[in-house]
Amino acid sequence: MPHHTGKAANMAFSEEVTSRHGGETLTSCYQCGTCASSCPVARLDSSFNPREIIKLSLLGEKEEVVSGDAIWQCCSCFNCQERCPQNVEIADLIYALRNIALEAGHSPNIYSDFASALIDEGRIVKISKFVESKRGEYGLPPLKPVGIEDLNKILAATGFTKPEKTEATK
Amino acid sequence: MKRYAIFLGCTIPARQPNYEVSARKTLEKLGVELVDLDNFTCCCPPPIQSINLESAQAVAAYNLCLAEEAGLDIVALCNGCFESLAMANAALKKDKKLKAHINETLAKVGKEFKGTIEVKHFLQVLMDEIGLEKIREKVVKPLSSLKVAPFYGCHSLRPSKLLQLDDPERPTIFENLLDALGAESVEYRDKLKCCGGLLKGISDETALSLARDKLVKTSKAGADCISTLCPFCFVALDIGQLQVKAKFKEVYDMPILHFSELLALALGVDPEELALRSHKVKADKVIEKIA
């Protein structure tokens, strides 16, 4: 059982999570473990356990949750969320934890690439000129323009920031 | 003729002309008109939701507004696009407070979410607009010699509360459609388990293990091919076989075909027209069985 940092810290982090979009249902968890037993990643990798992530969040172990690798191992399959008897929205909760982690400067480098592509191209996978030029050959209509200006205004208005890559793995 | 706004997303136009060609040809052949709208952007799937959930939802809502303005329902081919857009649509229709909040952002680009359209998965459009019986009637090359392992992926089904495509634990829509084409659906273990696609670049080992598991279990069940509904599942299982071969020295030679490709073949579309070159594991075995 990890060392925890007192009641005030627990409450502060729980409140931070439940006040976030996606994190609202955190405190309904009663630690039954249905999530962990439904999780395809946990079956392969015993270091990943969604129940444990929720427990640490409830205990106020913010540093361990947001700077650790665990929250990034979720495959977003929603099995856990589908089956949770307490209606904890676990996959959404993990997004909320990732959002908090990113604000604190922690994330795998690939997220920086996703953000760049979204901001620059309006798509998270770039379409090469070569592939675009092939569309006619396949009988596909030309691609329509992307609403990139509107997209960037929306990103700015909602506080979207591109995560920085960390030196170690750049 | 029913008209839909076709939502291509990113991965399909970037990498899978085979999905787009077969989806367009089949829907048009079955009497659904597809409209390409200006200004659709990325749907903002889990990788973007992981960065900023609110931004992702607002961008999804922006795309919904474009279809609302055109007065068209959306057909999404990719499970990821379907999930992002259908989830946002359902959540915003249900939650007035959330709608008001997102509309404050959308006002900055002159948009307002009203909640007047539906977002449907490719399979739902087939069911709602054409139906199993009509599809059965239009089949000219029944897939009767083919054992197909249907693979739903995750985001066609879950979270079911918002997506409502089918029963999330015992879905039948895909199997019923395969049956209408004359194919035999193969049951296999862990059919509804994730392909691992979203863990690529983050946890490659886990991602590949999940894909391999799918290949092991469909092979064991005697499938001639796996059929997918999502470009990420397709990549995980198709290109995934090259990676499994390199890492585990195992060769499955399991063709992966999108459901739309099987549908096109059954409706008599010439395989030459289907951009099958996009497949790393060649689909020749499947084509031969149908011919």
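The values are calculated or read from the model by the stated rules, or taken from the named source; none is laboratory data. The shown structure was predicted, so the numbers you read here are calculated from the model rather than taken from an experiment. Glycine gets a Cβ as well: all are built from the backbone with ideal geometry, and neighbour counts include every protein chain shown.
Residue-by-condition table, conditions (1) within 14 Å of the chain's Cα centre (by Cα); (2) hydroxyl-bearing (Ser, Thr, Tyr); (3) at pLDDT below 95:
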site	(1), (2), (3)
B:MET1	no, no, yes
B:CYS10	yes, no, no
B:PRO17	yes, no, no
B:LYS25	no, no, no
B:GLU54	no, no, no
B:TYR62	no, yes, no
B:ASP73	no, no, no
B:ALA76	yes, no, no
B:LYS97	no, no, no
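Which residue out of B:PRO13, B:PRO47 is assigned to a helix (DSSP H, G or I), free of Cβ contacts under 8 Å to residues at least 12 places away in the same chain and either touching a Ser or Thr at 6+ places or on another chain (Cβ under 7 Å) or facing chain A (nearest Cβ under 8 Å) (or both)?
Within the list B:PRO13, B:PRO47, the selection yields B:PRO13.
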- Query: What are the residues in segment A:123-136 that are more than 7 Å from chain B (Cβ to nearest Cβ) and either part of a helix (DSSP H, G or I) or surrounded by 21 or more Cβ atoms within 10 Å (Cβ to Cβ) (or both), if any?
  - Reply: A:LYS129, A:PHE130, A:GLU132, A:SER133
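Please pick out the residue among A:ASP113, A:ASP120, A:ASP150 that is closer than 30 Å to B:THR105 by Cα, in a helix (DSSP H, G or I) and more than 11 Å from every other protein chain (Cβ to nearest Cβ).
A:ASP120
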- Task: Please indicate, with yes or no, whether at least one residue in segment A:47-61 is away from every other protein chain (no Cβ under 14 Å), in a helix (DSSP H, G or I) and among the hydroxyl-bearing types (Ser, Thr, Tyr).
- Result: yes
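Looking only at segment A:93-105, decide whether some residue is crowded, with 16+ Cβ neighbours inside 10 Å and not in a helix (DSSP H, G or I). Talk me through it step by step, then tell me what you get.
To start, the set of residues in segment A:93-105 that are crowded, with 16+ Cβ neighbours inside 10 Å comprises A:93-102.
Still in the running and not in a helix (DSSP H, G or I): none.
The answer is no, given that none of the residues of segment A:93-105 is crowded, with 16+ Cβ neighbours inside 10 Å and not in a helix (DSSP H, G or I).
Listed here are the residues, each with its yes/no results for (1) touching a Lys or Arg at 6+ places or on another chain (Cβ under 9 Å); (2) surrounded by fewer than 20 Cβ atoms within 10 Å (Cβ to Cβ).
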position	(1), (2)
B:SER22	no, no
B:GLU33	yes, yes
B:LEU37	yes, yes
B:PRO47	no, no
B:ILE51	yes, no
B:ALA56	no, no
B:LEU66	yes, no
B:GLU69	yes, yes
- Among A:LYS144, A:LYS165, A:LYS134, the single one that is basic (Lys, Arg) and farther than 28 Å from B:GLU28 by Cα is A:LYS165
- Considering every residue within segment B:110-118, establish whether at least one is buried (at least 21 other Cβ atoms within 10 Å of the Cβ), in a loop (DSSP other than H, G, I, E, B) and facing chain A (nearest Cβ under 9 Å). yes
- Top-ranked residue in segment B:207-255 [being over 22 Å from B:ASN18 (Cα atoms) and either assigned to a strand (DSSP E or B) or among the aliphatic types (A, V, I, L, M) (or both); ranked as nearest to the other protein chains (Cβ to nearest Cβ)]: B:LEU210
